[in-house]
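Read through the structure below, which is laid out as structure tokens, and then see the notes.
The values are calculated or read from the model by the stated rules, or taken from the named source; none is laboratory data. As the structure is a computational prediction, the values presented were derived from the model and not from experiment. No Cβ is skipped: glycine too gets one built from the backbone with ideal geometry, and neighbour counts run over all protein chains shown. Heads up: the accessible areas ignore ligands, DNA and RNA and are worked out on the full protein's heavy atoms, side chains in. Shrake-Rupley method; radii C 1.70, N 1.55, O 1.52, S 1.80 Å.
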Amino acid sequence: MSQVVFSSWGGKVVDNRKGGEADLASLKIKLPEKYLNEGKIGAFFGWDGLLVMNRDVDIVALAAEYMKRVQEKYCCAKCSPGKRGTKVLQDTLARILSGHGEERDLTVIAEINSLLEQCKCTLCMTSAKPVQDALTHYRDDFEAYIRGERKPNPAKVYHDKVTAPCTDRCPAHIDIPAYVEEIKDYRFDESLASVRRNMPIPAVCGRVCPHPCEKGCRRGLVDEPVSIMVLKRVASDHEWLHHKEPPMLPGQKKGKKIAVVGAGPAGLTCSYYLLLEGYDVTMFDMLPEPGGTVAVGIPDYRMPRHLLRRDVEIIRSLGAEIRYNTKLGRDMSLRELKEEYDAVFLGTGAFKSKPMGVEGEDAGYEGFSTGGINYLRAVALGQPIETPKRVIVVGGGNTAIDCVRVALREGAEDSILVYRRTRKEMPAEPYEVDDADEENVQFEFLRNPTRLIAENGKVVGVEVVEMALGEPDESGRRRPAPVPGSEYVIPCDLVIPAIGQDPDLSYLEDGDYGIKQTRWNSIVTHGGTMMTDNEGIFAGGDCEYGAMTVVLAVGHGRRAARVIDRYLTEGKAYLDEEDAMEDIFSSLGVFDDNEDVGIIGGLHREHQPKVDGAERAQNYDEIELAMPESQAVREAERCLRCYRVGMVAID
Amino acid sequence: MVNLKIDGKAVQIEKGATILAAAEKVGIKIPTLCYLKKISPTGACRICVVEIAGVSKPMTACNTPAVEGMEVTTQSENLTTIRKQIIELLLVNHPLDCPVCDAAGECDLQDICYGQEVNRQEFEADNLSHEPIEEWPLIQQVPSRCVLCEKCVKVCHEVVGASAMVVRSKGDRAFIDTVDGKPLDCEFCGNCVAVCPTGTLIEKPFKFKARPWELSLTRTVCTLCSAQCEIDVNVKQGKIARITSVDGETINDGSLCVGGRFGYGYVASEKRLTRPALRKDGMTLETDWEGALSAVSEKIQNLKGEAGAAALAGLASPRLSNEENYLFQKLFRAAIGCNNIDSEARFGLLPATQILGKSLGLKGGSNRIDRITEAKAVLAFGDVTSEAPAVDWQIEKACRKNDGKLIVAGLRKVKLTKYANASLICRPGSEVWLANALAKLIVDAGQADKDYLQRYVENVDELYAYLASLDLDEAVKQTGLARELLEEAADYLGSAPSVAVVMASDLLRGTDAEAAVSAVATLALVSGALHGDIGGLFPLDEKGNTQGLLDMGVAPELLPGQKSYADSASVASAWGVTLPSDGKDAHGILEGIEKGEIRFLYLAACNPLASFPEAGRWRKALQKLDFLVVQDILASELTEMAHVVLPGAAAVEKSGTVTSFDQRINTLKPAVNPPGEAKVDLEIFAALYTHLSARPVEVDFSSLQSEIRQLSGLYTEVCRTDAAGICACNKEAFRPADKSMTFYPAQGGGVSKELELLTATSLYHFGTSTTFSPAACEVAESGYVALSPEDAQEAGVADGSRVKVTSSFGATQADVVVDNDLPKGLAFAPTNFSALNVQSLLSSSANRVAVKVAKS
């Protein structure tokens, strides 16, 4: 691990220039030692201060370069202190570096640094922080330049990127402050274009994203997080509700073909960005319709399928072919795809339901579902399945919640969720649990199934055991343990296990592709490139990560498309500056939940209207209604536009 | 409500209001630079920072909402330092060209420097300012003077909806540019210039013309269109230097359009008529007023004696004031004894207003223009933007800021289409089908307010029965619109709690206009547009005072107050005369001239050759007249033909009142004098009246206005008469009496299969007047015929081809513009250009005609 020469990161100054030792790990700073294969990271200069790992780094040159990039590449110019203040800083630092500085320049730098506190957003504001830290702690270096005693010694190369806490927390790294600000400015089309730069299924992610971004929203430190996800829906709905043609056009034809397996979020996203680059894309999907888990795993009352299909149609119309009812490993082999196409992307999802490990599970009883995901799919595809009067769903995640709620809509009178911990520990989104509650779903918390009870080969109940919560486990949730002798039977007609899904990688089973799998049954890819061990075959989404979120799959799909493009044009699968810096920021962390933002709060988050009451569980109409645009503008006003720039100096 | 304290003063203000608004409420002035009330807050300049107790950072007052219990400090040493330093930064590389900067004297940057005592500047940086941009029409951009407040960008995007400007580039290189980086090509309303706090954006026609303190301002109204925005005419040494308007206190909230801001050039045109002229022996020679008026009155007397008063006729104009129109009709009816009077309203607003009167009891727009902004659904039929830009801004506010749904209907894509939730472009001739189908869908969906209809519509059962019998499939076939789209649009209108329906000339002057207006009246009824205080039904006329002209009774069938001429007894007795029994309208007058029955025509600010359909027929007819009187302001083909030319005055040269499409009565005040010996039209009518009657007629506004009020029963509301003399009447929304409204079924006609030429006003011109304005001509120099790409291909022509356009009424030559927004089968030509004279192609009853286009 890199030794730290100096650090003002995280609000704590560590100065080892005159002795003393610390490494990044001991400071709990997760900065990689190297920048890809280019060299060691000598210093990191960014919003929270500066981090110096190599004592030879020229701090004055670093500060001057940083401010030049902030001013010329990132400063939006939309506030007076930022626009001109960072320019004065840039020129002053450059003058010092060129040996023409004066002592009073240091006063000007400090004055401007302080004035940048008044900026409209945090981009220029936070850019003052490392400069001021450098001036404070490396003042001798500045003065040496002013006295003409030093010549610049810049690093081999600098890499920079702008980010924001929300953007960093979003697995698709959407430029959230941009699209929120564009809504504030009544520029809905531009807002949607900003979303689409990183995410091509906005109608979906504007509705069903678990929005990890909002947990990284600095407004939340003041009052409540900005309703980031809903604002994305507003931008997407605006286009739809105005019958607007999306402006994207396919790129100039490159004459190369790519097979994308799976038309779910990962595959759709990968296809979209490849189409924009001019590749010929053929998508294969085992289902009769597009969307993957979004189509057959998320019920229509959360994600109306006509809007999913609109998002898909926009992508398809850029020139993709989609072959439905075509399953990899059954209708074609990976080898065939590899031979026929220039590259292959695997976005096959995670469709294999995890077993509960209870007695009777494998007995083939009538009334025992093969899994929540299969139940949801059968309903979504209109397959002839019957939902009886009393249904038990086992699990605490989103799929379990979807199952109990769908069962109600399919005619169940009692829809019961059995979960081994309490409501608080449920991995499902709390608002969805509340929604289920409102629809009269029954909850059996602290219960774990132990045995299926069947009569004449038909399930009539589930034996459960009461659980008690013990010490927290590695996930931080208290570990449930059975209370001996507390078993009893809950009668029911159908049991749906919904405790998780795994990827079905049976198409890899003949073993001659060299594609490695993890011990959790997912595909191994390398270094953030999304390329598998078989060159030219890429993978992303649930089949790579294990069952996760739509937005993670989108992030994977986009990254894969970018790398595939480089692979096919340059013969090399590698990360560019944007990718690499994105990953460095993700590892370092951008959101600081201890920050004192120092502004007035008291503005409540706006909520979209909703269909209330248990009656809504009688149909599949969308429950969450569109937020009026004026309300969305008001909500967007709450955004603090928390941009910040980080830069690494490479030795 | 929220309670807070500002500088120790307690304030209570509505939730969501900003600290700045709260401070304003208690008279505390917080300095601002980028703040502009009519746009969303920008927070760019950071000068309005204030301190809030318990919060470590100063916050901007312009965009921080007041929070309960907040304690705000607006003045402190720290705040002063911050404000000063920010201003100092703004001054870095700001050019010292104040002596020649247009904004000097009214520059917010100057004022804020002065106000905050910024008298030094300690920062420095390389100057990266972009070069001044000279190549934009009408507007110059000097980036070095810019403080990047974004007011221009935002007023353009949020208020006008042209969205022509962006902030280009990063950091200190950033400057205001056009969206595509090409020379500005927008609506040229100049609102960007108006809101610019510095001399960054400049009106080229005003540049170097005057220092602000040299200008005297007269508050009057713009009469180029029927919205009648309130303007300040800025005059230097008797000449108009520019037109401005003030935010907040005007009905247009300070916004102006290309006409209002840049169209005034015709007033000082060298084509202005400055002396009366008289034709003798084939020569037109200047004369004095006495000579001209005597010639006219003698001719009138002689002809009356020889052929009777019915041998005379007069056409008045929406360019004249209410009083002038009133006196005109009184002159003809009472002094001459002739009721052959009419105007160009015959071809649009007059029949529409009569239908709306007959069916709904309306005499004009049912509500005030600014009550459109709260409507939850707006149906705009035709090109509202070109005909009354101020209505466009109200619609945009309703539908872009206040969550209203916008349905744009008509034959072609227009500017508002880009903001539409549903764009209903129907086939020419299917307008009635479209309106009927929407009405039917609303009623079928149970969205009509049945209680309301029951109470106010006398034959509501007929309405239901008629709509029930309507064949939707046929409507789909005729309009060419998908049923789902019709249903969607109908749902927007049907489910909205308040609806505004605006009809522009594409509908009002269209083929089958009377049926179309009837059908829209029914749609307005069932959608609830006439119900409540918000929204309404608005027939637009592109000309300034058509509403006033109708109200004054300038039509053979109308008396003042739009009363029926058949009931003229009370007017006759008030005037102490016997009134002629009947009269001819414009159609009849034309025929009368052709037959030799009408031998004298008085054209008061009316040019049938430029603004009437069948212009070719009129041209021939006018040549047959014994005597043609042309009272106008600009020399034209018409003045060449006149026996007597009487130079009148432009609206900015006169007093009087005018009435907007929404029935607001507005006051004109003279800002400049008529040129040379030209006279205010009212004085001309009065002088002629004196010549023709035994006793002299005096121009006394108050007695004239009280006579108008008495006879018309209109204009009785007490108007605001503030120092500026303007009265944006506090017009109430229309309230029908029980069972006062009648449903009239409207039958859709056949849909045209030929290439149809649609004519309407250009976005950049208003009537023909502004074609005499150099500024307006800089952005729209001449007429053209626009064709869809398909039709252009079919005709074998391309952009710029010279073509001959022929209808069964006439032919003209024009340059082709290929317009991707036009549907196949529809061509378009602007009506404003005399040289194109597209009016000569039209039949007397429509703005649209089947044409053949061929290369010439």
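Which one is nearest to the other protein chains (Cβ to nearest Cβ), of the residues in the range A:586-601 that are assigned to a loop (DSSP other than H, G, I, E, B) and open to solvent by 50 Å² or more (accessible area, probe 1.4 Å)? Give the derivation first.
So the first thing to find is which residues in the range A:586-601 are assigned to a loop (DSSP other than H, G, I, E, B), and the list is A:589-601.
Okay, now just the ones that are also open to solvent by 50 Å² or more (accessible area, probe 1.4 Å), so A:592-596.
On the way: A:592: 16, A:593: 18, A:594: 15, A:595: 12, A:596: 7 Å.
Looking at residues that are assigned to a loop (DSSP other than H, G, I, E, B) and open to solvent by 50 Å² or more (accessible area, probe 1.4 Å), I get A:596.
Can you pull out the residues in the range B:808-824 that are buried (at least 19 other Cβ atoms within 10 Å of the Cβ) and either modelled with pLDDT of 95 or more or in a strand (DSSP E or B) (or both)?
Within the range B:808-824, B:812, B:814, B:816, B:819, B:822 qualify.
Kindly indicate which of B:71, B:106 is acidic (Asp, Glu) and either at pLDDT below 95 or closer than 21 Å to residue A:596 by Cα (or both).
Going through B:71, B:106 in turn, the sole match is B:71.
Name the residues in the range A:527-567 that are among the hydrophobic types (A, V, I, L, M, F, W, C), over 17 Å from residue A:199 (Cβ atoms) and not in a helix (DSSP H, G or I), would you?
Of everything in the range A:527-567, those that are among the hydrophobic types (A, V, I, L, M, F, W, C), over 17 Å from residue A:199 (Cβ atoms) and not in a helix (DSSP H, G or I) turn out to be A:531, A:537, A:538, A:539, A:547.
Can we say residue A:55 is outside any strand (DSSP E or B), within 18 Å of residue A:649 (Cα to Cα), within 14 Å of chain B (Cβ to nearest Cβ) and out of contact with any Leu (no Cβ under 9 Å at 6 or more places or on another chain)?
Working: outside any strand (DSSP E or B): yes; within 18 Å of residue A:649 (Cα to Cα): yes; within 14 Å of chain B (Cβ to nearest Cβ): no; out of contact with any Leu (no Cβ under 9 Å at 6 or more places or on another chain): yes.
No: the conditions fail for residue A:55.
Considering only residues that are in contact (Cβ under 8 Å) with a residue 24 or more places away in the chain, surrounded by fewer than 19 Cβ atoms within 10 Å (Cβ to Cβ) and at the interface with another protein chain (Cβ under 8 Å from one of its Cβ atoms), which ones fall in the range A:63-107?
A:73
Give the residue, chosen from B:616, B:656, B:648, B:713, that is in contact (Cβ under 8 Å) with a residue 60 or more places away in the chain and either basic (Lys, Arg) or within 18 Å of residue B:220 (Cα to Cα) (or both). Steps first, answer last, please.
Values: B:616 fails: either basic (Lys, Arg) or within 18 Å of residue B:220 (Cα to Cα) (or both); B:648 fails: either basic (Lys, Arg) or within 18 Å of residue B:220 (Cα to Cα) (or both); B:713 fails: either basic (Lys, Arg) or within 18 Å of residue B:220 (Cα to Cα) (or both).
None of the other options fit; the residue is B:656.
Is one or more of the residues making up the range B:5-15 within 21 Å of residue A:219 (Cβ to Cβ) and within 9 Å of chain A (Cβ to nearest Cβ)? Can you show your working first?
Here is the first cut: in the range B:5-15, the residues within 21 Å of residue A:219 (Cβ to Cβ) are B:15.
Remaining after also requiring within 9 Å of chain A (Cβ to nearest Cβ): none.
The answer is no; no qualifying residue exists.
If you check residue A:408 against the conditions, is it under 26 Å from residue A:327 (Cβ atoms), hydrophobic (A, V, I, L, M, F, W, C) and in contact with a Ser or Thr (Cβ under 8 Å, 6 or more places away or on another chain)?
Against the criterion (under 26 Å from residue A:327 (Cβ atoms), hydrophobic (A, V, I, L, M, F, W, C) and in contact with a Ser or Thr (Cβ under 8 Å, 6 or more places away or on another chain)), residue A:408 does not qualify.
Here are A:428, A:400: which of them is in contact with a Ser or Thr (Cβ under 9 Å, 6 or more places away or on another chain) and closer than 23 Å to residue A:295 by Cα? It would help to see each step written out before you state the result.
Values: A:400 fails: in contact with a Ser or Thr (Cβ under 9 Å, 6 or more places away or on another chain).
Going through A:428, A:400 in turn, just one is in contact with a Ser or Thr (Cβ under 9 Å, 6 or more places away or on another chain) and closer than 23 Å to residue A:295 by Cα: A:428.
Quick one: in the range B:398-415, which of the residues that are open to solvent by 20 Å² or more (accessible area, probe 1.4 Å) and within 11 Å of chain A (Cβ to nearest Cβ) is nearest to residue B:510 (Cα to Cα)?
Out of the qualifying residues, it is B:405.
Restricting the range B:315-370 to residues that are more than 18 Å from the chain's Cα centre (by Cα) and among the hydroxyl-bearing types (Ser, Thr, Tyr), which is surrounded by the fewest Cβ atoms within 10 Å (Cβ to Cβ)?
B:359
Just a yes or no: is a residue in the range B:685-696 under 30 Å from residue B:290 (Cα atoms), at pLDDT below 90, touching a helix residue (DSSP H, G or I) at 6+ places or on another chain (Cβ under 6 Å) and part of a loop (DSSP other than H, G, I, E, B)?
Yes: one or more hits.
What strands (runs of 3 or more DSSP E) completely inside the range B:581-649 contain at least 2 residues that are surrounded by fewer than 20 Cβ atoms within 10 Å (Cβ to Cβ) and within 27 Å of the chain's Cα centre (by Cα)?
In the range B:581-649, no matching strands (runs of 3 or more DSSP E) lie anywhere.
Which residue is nearest to residue A:121 (Cα to Cα), if the candidates are limited to the range A:236-253 and must be buried (at least 16 other Cβ atoms within 10 Å of the Cβ) and more than 14 Å from chain B (Cβ to nearest Cβ)?
Checked the range A:236-253; the qualifying residue nearest to residue A:121 (Cα to Cα) is A:236.
All but one of (1) part of a helix (DSSP H, G or I); (2) of a type outside the set (S, T, N, Q); (3) in contact with a helix residue (DSSP H, G or I) (Cβ under 8 Å, 6 or more places away or on another chain) hold for residue B:379, so report the exception by its number.
(1)
Can you tell me which residue within the range B:416-440, out of those that are in contact with a Ser or Thr (Cβ under 9 Å, 6 or more places away or on another chain), of a type in the set (A, V, I, L, M) and open to solvent by less than 20 Å² (accessible area, probe 1.4 Å), is farthest from the other protein chains (Cβ to nearest Cβ)?
Among them, the one singled out is B:432.
List the pairs whose first member sits in the range B:283-295 and is free of Cβ contacts under 8 Å to residues at least 24 places away in the same chain and in a helix (DSSP H, G or I), whose second member is open to solvent by 70 Å² or more (accessible area, probe 1.4 Å) and small (Gly, Ala, Ser), and whose Cβ atoms are under 7 Å apart, counting only residues at least 6 apart or on separate chains?
Between residues of the range B:283-295 that are free of Cβ contacts under 8 Å to residues at least 24 places away in the same chain and in a helix (DSSP H, G or I) and residues that are open to solvent by 70 Å² or more (accessible area, probe 1.4 Å) and small (Gly, Ala, Ser), there is no close pair.
If you scan the range B:48-64, which residues turn out to be part of a loop (DSSP other than H, G, I, E, B), facing chain A (nearest Cβ under 8 Å) and hydrophobic (A, V, I, L, M, F, W, C)?
B:55
Which of the numbered conditions does residue B:68 fail, given that it passes all the others? Conditions: (1) over 18 Å from residue B:32 (Cβ atoms); (2) within 39 Å of the chain's Cα centre (by Cα); (3) within 14 Å of chain A (Cβ to nearest Cβ).
(2)
If the Cβ limit is 8 Å and pairs must be 6+ apart or interchain, which residue in the range B:79-93 that is at the interface with chain A (Cβ under 7 Å from one of its Cβ atoms) pairs with which residue that is among the basic types (Lys, Arg)?
B:82/B:46; B:86/B:46; B:89/A:84; B:90/A:84; B:92/A:84; B:92/A:87
Residues that are more than 25 Å from residue B:509 (Cα to Cα) and either within 14 Å of another protein chain (Cβ to nearest Cβ) or touching a strand residue (DSSP E or B) at 6+ places or on another chain (Cβ under 6 Å) (or both): does the range B:441-453 have at least one?
no
Grab the strands (runs of 3 or more DSSP E) fully contained in the range B:127-186, keeping just those with 2 or more residues being of a type in the set (A, V, I, L, M) and within 12 Å of chain A (Cβ to nearest Cβ).
B:165-168
Which one of these does residue A:467 not meet: (1) out of contact with any strand residue (DSSP E or B) (no Cβ under 6 Å at 6 or more places or on another chain); (2) open to solvent by 10 Å² or more (accessible area, probe 1.4 Å)?
Residue A:467 satisfies all of (1) out of contact with any strand residue (DSSP E or B) (no Cβ under 6 Å at 6 or more places or on another chain); (2) open to solvent by 10 Å² or more (accessible area, probe 1.4 Å) except (1).
For residue A:562, all conditions in the list (1) within 14 Å of another protein chain (Cβ to nearest Cβ); (2) buried (at least 18 other Cβ atoms within 10 Å of the Cβ); (3) not aromatic (Phe, Trp, Tyr) hold save one; what is the number of the exception?
Condition (1) is where residue A:562 drops out.
Filter the range A:108-123 for residues that are at the interface with chain B (Cβ under 10 Å from one of its Cβ atoms) and in contact with a strand residue (DSSP E or B) (Cβ under 9 Å, 6 or more places away or on another chain) and give the result.
At the first step, the residues of the range A:108-123 found to be at the interface with chain B (Cβ under 10 Å from one of its Cβ atoms) are A:108, A:111-112, A:114-115, A:117-121.
Correct list: A:118, A:120.
Please indicate, with yes or no, whether at least one residue in the range B:274-281 is open to solvent by less than 70 Å² (accessible area, probe 1.4 Å) and more than 17 Å from residue B:653 (Cβ to Cβ).
Step one: of the range B:274-281, the residues open to solvent by less than 70 Å² (accessible area, probe 1.4 Å) are B:274, B:276-278.
If we keep only those that are more than 17 Å from residue B:653 (Cβ to Cβ) too, we end up with B:277-278.
Within the range B:274-281, one or more residues are open to solvent by less than 70 Å² (accessible area, probe 1.4 Å) and more than 17 Å from residue B:653 (Cβ to Cβ).
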